[in-house]
Structures are given as structure tokens and as C-alpha cells.
Amino acid sequence: MKASSGLFTVLLVLWSGASVYWYVCKIKKDCDKQTTEIVSENKQNKKNSISADNNKNQDEEIKKDTIFVISNLKKKLTDGYTLDGFSKNSSVNSKIENDFNEFAENLKIYLKKNPSVKILITGYTDNTGTVEANLLIGKRRAEFLKSKLTEKGIDENRIEIYSKGESDPVADNKTEEGRKQNRRAVIKIINN
């Protein structure tokens with residue numbers, strides 16, 4: 001009798017396990033769903049963890065890049081960032097492209113990090129024309145660059161303009177190439 005009651009107990013346990021399995025997995029179809037949810041949850045947690053690690057690494061890279069950009073930009077601004085190639089008697093430079101746009105974005109970051117710093121834009125010309133006309137053209141070149149920087153989001157109150165006209169040439173005004181180099185605007189930092 002003991003053997004048959006032991007067998008009966010085993011059969012009862014197997015039957016109850018099978019019936020639970022049948023009900024949960026076959027009728028309610030929850031077995032795959034739970035497994036899928038757990039696997040999906042684990043994958044999402046891993047992705048979030050990897051994403052957080054990547055974001056942390058990216059943030060560190062951005063900080064390093066920002067420090068590098070700021071130190072390079074400070075040197076560039078101390079020496080003077082020069083934009084040349086203005087057409088004769090023109091205050092507009094249509095050749096402003098990627099280099100200037102990148103410079104302007106970096107300048108915006110630099111000015112945010114250094115709230116006491118202002119910049120000075122000085123316009124220059126070649127020696128053709130009158131001194132008065134060249135001073136006016138130089139001023140307009142500086143105003144042109146100021147407008148481009150304010151379009152990029154730099155506060156106009158942090159930008160001063162000045163014209164030196166034909167004074168302080170960087171190249172020989174006897175050649176067209178020299179005159180082209182002298183038709184320029186220079187951006188430098190100034191402290192209050």
C-alpha cells in the first residue's frame with residue numbers, strides 16, 4: 001500500500017505541475033511573454049548601462065574638446081583671427097564658410113566661459129582710395145563681421161568695432177595679391 005501511495009503522490013505532483021504549465025503556457029500564453037519581457041528588460045538595462053557609459057565617455061570627450069578649443073581659440077584671439085580676401089571697396093566677404101562658422105561657434109563657447117572678455121573687430125583696407133573712404137570701408141568690414149557673429153548668437157554688447165583703414169598693411173600694396181591680403185578684418189580679445 002505504501003508503494004501505491006508514494007506512486008500516487010508522485011503522479012499528483014506531476015499532474016498539478018503539468019496542469020499549471022498547461023494553464024499558464026498553453027491557455028493564457030504567458031510563458032513566452034514573461035520570458036520575452038524578462039529578456040527584453042535585461043537587454044534594455046544593458047543598453048541603458050552601455051548608453052550611460054557612452055554618454056559619460058562622450059561628456060568627458062566633450063569636456064576635453066572644449067578645453068582644447070578654448071585654449072586654441074584664446075591663442076588665436078590673442079594673435080588675432082584674420083579674415084582676408086574682401087573685394088576692393090567691399091565690406092562684404094562672400095567667402096565666409098566653414099572655417100569662420102566653426103570659429104564663431106567656438107567663440108560663442110569661449111565667451112560663455114569668460115564673461116568678462118570682449119572682442120574687438122578691426123577693419124583694414126588696401127591703400128587705393130582716400131584715407132577717409134578707407135576708414136569708412138574698414139569700419140563697414142568690422143560691422144559686417146559683427147553682424148555675422150551676432151547671427152551666431154554672440155551678444156553684440158561684447159563686440160567692439162574699429163577701423164584702421166589703410167594703416168598697418170600686412171603685405172605690399174604694390175601688388176594685387178598684397179592688396180588682397182591687406183583688405184581684411186581682424187578679431188582679437190580685449191579685457192574690460
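Observations on the model:
- The length gained on full extension between Glu177 and Lys152, counted as 0.36 nm times the residue separation minus their Cα-Cα distance, comes to 5.9 nm.
- Net charge contributed by nearby residues that have their C-beta within less than 11 Å of Lys164 (K/R +1, D/E -1): +1
- Ser87-Ile190 pseudo-label distance in nm [points 7 Å out on the Cα-to-Cβ vector]: 3.0
Where a number appears in this text, it was derived from the coordinates with a stated rule and is not lab data. Every value quoted in this text rests on a predicted model; they were computed, and no experiment measured them. Please note: Cβ atoms are built from the backbone with ideal geometry, for glycine as well, and neighbour counts cover all protein chains shown.
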